[in-house]
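Enquirer: Quick one: this structure, given as structure tokens, is what I'll be asking you about.
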Amino acid sequence: MKFFTLILSALISFCSYSAAGVQDEAQRIKNDLKARLESQNIKKPAQIAIMNFDEIAKDARDAAAGKAFASALVEAFSSDKDFIVVEREKIENIFKELKLSMAGAVSEKDIKRAGLILGADWLIMGDISESNGEFLVQARVVNSESAAVAAASSIPVEKSKLIKEADERISMVAKNYFSLLYGDLDLNDLNAKLPSAAVELRHNTTKNQYISFSALFSLKESDDLMTSKYISVVPEIFNNPLTIEEKIKSITAFSLNYGFIFKMPLKTVLRVEAGPGFNVVKSEQKLFSNAFITSMNVNLPKTYEQKYSFPSLNLSASMEKRVWKTVYFGLDFNYKKFSFDREILSEGNSGLKSYLDPLKNNISSSSKSIFGRFSFAF
């Protein structure tokens, strides 16, 4: 647990640094638009909806720079208490219903319809063209009731900077992710280390939060016996001790987690999540004695397959780096806390039941693991 805590603390500390990208330019346009609106004594807080900027320049169109700059503008306005920004997902859904594009020419009638349905006082839209080897970003604020332009602003932006920012931002707006994971699952107190693989489906509920479902399967049984679980009994009817050995054969685990996303530099994100899990562990129990014992009620040696089902609490932190468009590689650090009642089977050995029942006990344990992760957004 201390290892997991140290790793988590280091990752959160590292994520405190973030690159500015084109956020400074978006902030400048926001400040200019706000100053122009305030001169008209607008009501506060003003409800605004920010459209994707029309991409007039081919390079801007190829990079989807209009959507990226609109996203940066959303962040700039969202941090200002004088504005309430309509969620981008809500805008997209409304525009799909109206069969409109979030960018490009919008008629006066459509502006009024969109403003009414979104409940926005103002719509912010604009375009990105090219001038003297740079992008020229032009923004305007439109009154949703009259469709009149109330304020406008423009600013040159370095082309390579906006293209790079667009590349990074667009990769972050996907809602769904599929991941494959591989690594060793270490069941600390059970002396079992099992190579395992997992699949995960993740859905981003907001820009910084998500829910995920994962299923894990061990690929190989443990080679070692469960630690401190050798049990020797000397029943009065025997002159030799009865020995019970047990080892883990497989584990299947399912988990449902809620997590938070922290954007980091170098196309990297940190994810921290927690949630409940359900686990199925299969083991192999061997009962034998130094003496050959056989009777109507005792048949040794004997091998049983045991199955345990139990819940767990899961904690996880992962680092993911985008390597190509919507493809990511990363590392997962996982911690699991659980407990279950250990059973000792005696089927076919009814004569041993009264001796074995008192040996049943509760096992409280944990596991930790480091998994490699391959993900892609869709």
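Nothing in this text is a laboratory measurement; each read-out follows from the coordinates by a stated rule. Fair warning: this is a prediction, and the values are worked out from it, not measured in the lab. Neighbour counts are summed over all protein chains in view; Cβ atoms, including those assigned to glycine, are modelled from backbone coordinates with ideal geometry.
Enquirer: Using Cα pairs closer than 8 Å and at least 6 residues apart in sequence, work out the relative contact order for region 19-172, in percent.
Expert: Numbers: 272 pairs, mean separation 46.3, N = 154.
The value is 30 percent.
Enquirer: Place +1 on the Cβ of every Lys and Arg and -1 on the Cβ of every Asp and Glu in region 271-378, take the dipole about the Cα centre, and give the residue among Phe338, Tyr355, Met319 whose Cα lies farthest towards its positive end.
Expert: In region 271-378, that residue is Met319.
Enquirer: Would you calculate the separation in nanometres between label points at Leu180 and Val199, each defined as 7 Å from the Cα along the Cα-to-beta-carbon direction?
Expert: Distance between label points: 1.1 nm.
Enquirer: I would also like to ask the following. Lysines within cross-link reach of Lys81: Cα-Cα under 18 Å, excluding same-chain residues under 8 positions apart?
Expert: Lys30, Lys34, Lys43, Lys44
Enquirer: I'm checking a number: the convex hull volume of the Cα atoms of region 176-377, normalised per residue, in Å³. What is it? Display every interim value, and only then the final one.
Expert: Numbers: hull volume 21.0 nm³, N = 202.
Per residue, the Cα convex hull of region 176-377 comes to 104 Å³.
Enquirer: What does the charge dipole of region 19-172 about its Cα centre add up to, to the nearest 20 debye, if the Cβ of each Lys and Arg holds +1 and the Cβ of each Asp and Glu holds -1?
Expert: Numbers: 22 positive and 26 negative charges, 85 e Å.
Around 400 debye, computed over region 19-172.
Enquirer: Right, another one. Give the range of the longest stretch in the chain that excludes all GluC sites (Glu not before Pro) found in loop regions by DSSP and having at most 10 other beta-carbon atoms within 10 Å.
Expert: Working: sites that count: Glu236, Glu347.
Answer - 1-235.
Enquirer: How much length is gained on full extension from Val149 to Lys90, taking 0.36 nm per residue of separation minus their Cα-Cα distance? Provide the component values of the computation, followed by the final result.
Expert: Numbers: separation 59, 0.36 × 59 = 21.24 nm, distance 2.30 nm.
18.9 nm is the gain from fully extending Val149 to Lys90.
Enquirer: Still on this structure, please answer the following. Grab every C-alpha pair in region 49-145, bin the distances at 5 angstrom width from 0 up to the longest one, and report whole percents.
Expert: It works out to 3, 13, 24, 25, 19, 11, 4, 1, in whole percents.
Enquirer: Which residue, chosen from Ser212, Ile111, Gly259, occupies the Cα position most advanced towards the positive end of the dipole of the chain, where the dipole is computed from +1 (Lys, Arg) and -1 (Asp, Glu) charges on Cβ about the Cα centre?
Expert: Ile111
Enquirer: Next question. Where the only charges are on Cβ atoms (+1 Lys, Arg; -1 Asp, Glu), what is the dipole of region 282-378 about its Cα centre, to the nearest 20 debye?
Expert: So the dipole magnitude of region 282-378 works out to roughly 480 debye.
Enquirer: Taking the Cβ-Cβ separation of Gln306 and Leu256 as r and a Förster radius of 30 Å, what is the calculated FRET efficiency to the nearest 0.05? Display every interim value, and only then the final one.
Expert: Values: r = 26 Å, r/R0 = 0.87.
According to the calculation, E is roughly 0.70.
Enquirer: What base-10 log of the normalised intensity I(q)/I(0) is obtained for the chain from the Debye formula, alpha carbons as equal point scatterers, at q = 0.07, 0.12, 0.14 Å⁻¹?
Expert: Results for the chain at q = 0.07, 0.12, 0.14 Å⁻¹ read -0.49, -0.93, -1.12.
Enquirer: Towards the positive end of the charge dipole of the chain, with charges on Cβ (+1 Lys, Arg; -1 Asp, Glu), say which of Asn176, Ala291, Asn240 has the farthest Cα.
Expert: Asn176
Enquirer: Follow-up. Starting from 0.36 nm per residue, how many nanometres of slack lie between Glu245 and Thr227 once their C-alpha separation is accounted for? Present the calculation step by step, with values, prior to reporting the outcome.
Expert: On the way: separation 18, 0.36 × 18 = 6.48 nm, distance 0.98 nm.
The span from Glu245 to Thr227 would gain 5.5 nm if fully extended.
Enquirer: Going down the table (Lys249/Lys321; Lys58/Lys112; Lys161/Lys336), which pairs top 32 Å between alpha carbons? All intermediate terms of the calculation are to be shown ahead of the outcome.
Expert: Values: Lys249/Lys321 34 Å; Lys58/Lys112 30 Å; Lys161/Lys336 42 Å.
As for pairs spanning more than 32 Å Cα to Cα, those are Lys249/Lys321; Lys161/Lys336.
Enquirer: In addition: What residues of region 199-225 lie in the reach of a label at Ile363, counting those whose backbone N is under 13 Å from a point 7 Å from the Cα along Cα→Cβ?
Expert: It comes to 222-225, nothing else.
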